[in-house]
1. Has the stretch 142-150 got at least one residue that is within 28 Å of Thr53 (Cα to Cα) and modelled with pLDDT of 95 or more?
2. For the stretch 156-179, state whether one or more residues are at negative phi and in contact with a Cys (Cβ under 8 Å, 6 or more places away or on another chain).
3. Would you mind telling me which numbered condition in (1) at pLDDT 95 or above; (2) buried (at least 17 other Cβ atoms within 10 Å of the Cβ); (3) more than 12 Å from the chain's Cα centre (by Cα) Pro3 fails?
4. What pairs come out if I take residues in the stretch 104-123 that are loosely packed, with under 15 Cβ neighbours inside 10 Å and pair them with residues that are in a helix (DSSP H, G or I) whose C-beta lies under 7 Å away, six or more apart or interchain?
5. Looking at the stretch 117-126, is at least one residue touching a Gly at 6+ places or on another chain (Cβ under 9 Å), more than 19 Å from Ala7 (Cα to Cα) and aliphatic (A, V, I, L, M)?
6. Are there any pairs with C-beta distances below 7 angstrom linking a residue in the stretch 25-49 that is under 18 Å from Tyr92 (Cβ atoms) to a residue that is basic (Lys, Arg) and surrounded by 13 or more Cβ atoms within 10 Å (Cβ to Cβ), with the two at least 6 apart or on different chains, and if so which?
7. Could you say which residue among Glu72, Glu46 is among the acidic types (Asp, Glu) and either at pLDDT 85 or above or surrounded by 15 or more Cβ atoms within 10 Å (Cβ to Cβ) (or both)?
8. Is at least one residue of the stretch 115-128 assigned to a loop (DSSP other than H, G, I, E, B), within 22 Å of Phe17 (Cα to Cα) and not polar (S, T, N, Q)?
Amino acid sequence: MEPIILASQSSRRQMYFELLGLPFTCLPSLIDETERQDLSPAQVAEDLARRKTAAVVDKLSRQPPLPQQPGEPGANWVFGADTIVVLDGRIYGKAADRKAAGIMLEKLAGRIHEVITAMALYNGYTKKTDCRRVSCTVEFAPLTTAEIKWYLDTGEWEGVAGSYQLQGAGGCFIKSVHGSPSNVVGLPLHEFYVMLRDNGYPYGS
């Protein structure tokens, strides 16, 4: 299979790429992720995913090709994604510190929120970028002050939207997920696979 450039440092997305057996290289976009105020939450996710992918495509166009195995095509695929948590129309991104994470968890506790992941895949053969988004809802259990403190002590809140991880200890507080569980983790697997297939990525070959 051809290598994919992953425009992210997300350990969760890397985990899924490894699970799917996809050859990849991480090349973080390092863009300014400030949200545009004139966009809806779903549009914000798409805008960030597109800008992450575009930044890496631009970076690759201005540097020597990445090392590759003999006979292997160059970096013709670049993938960027962004996952956001939305409650009452407000985006809950990555908490700046422990206090902010605690406030987020207090807001989410006992409520149903939306998780949106936008995916942008650049195809170097067609020079086009396909962008798609997936949404699901997550029901959080009520949390006591002690439970929030315990979870903050795990450190899982760091660097993740909404300050919790479904695939970790945070799963203890999730009553239900309506939609793709892998979307909550950061990469909706079925939709990602369909996206690769629709764009002609030689999956499995």
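1. Start the filter on the stretch 142-150 by keeping residues that are within 28 Å of Thr53 (Cα to Cα), which leaves none.
Looking through the stretch 142-150, none of the residues is within 28 Å of Thr53 (Cα to Cα) and modelled with pLDDT of 95 or more.
2. Looking only at the stretch 156-179, we keep the residues that are at negative phi, and these are 156-158, 160-161, 164-178.
When the remaining residues are screened for being in contact with a Cys (Cβ under 8 Å, 6 or more places away or on another chain), the result is 177-178.
Looking for residues that are at negative phi and in contact with a Cys (Cβ under 8 Å, 6 or more places away or on another chain), one finds at least one in the stretch 156-179, hence yes.
3. (1)
4. Glu106/Ile148
5. Within the stretch 117-126 (the criterion being touching a Gly at 6+ places or on another chain (Cβ under 9 Å), more than 19 Å from Ala7 (Cα to Cα) and aliphatic (A, V, I, L, M)), the answer is no, since none of the residues qualifies.
6. The qualifying pairs are Ala42/Arg133; Ala45/Arg133; Glu46/Arg133.
7. Working: Glu72 fails: either at pLDDT 85 or above or surrounded by 15 or more Cβ atoms within 10 Å (Cβ to Cβ) (or both).
Among Glu72, Glu46, only Glu46 is among the acidic types (Asp, Glu) and either at pLDDT 85 or above or surrounded by 15 or more Cβ atoms within 10 Å (Cβ to Cβ) (or both).
8. Within the stretch 115-128, the first condition is being assigned to a loop (DSSP other than H, G, I, E, B), and the residues that meet it are 124-127.
Pick out the ones that are also within 22 Å of Phe17 (Cα to Cα) and you get 124-125.
Now restrict to residues that are not polar (S, T, N, Q): 124-125.
Looking through the stretch 115-128, at least one residue is assigned to a loop (DSSP other than H, G, I, E, B), within 22 Å of Phe17 (Cα to Cα) and not polar (S, T, N, Q).
The values are calculated or read from the model by the stated rules, or taken from the named source; none is laboratory data. Since we're looking at a predicted model, the values are computed, not measured. As a convention, Cβ positions derive from the backbone with ideal geometry for all residues, glycine included, and neighbour counts pool all protein chains shown.
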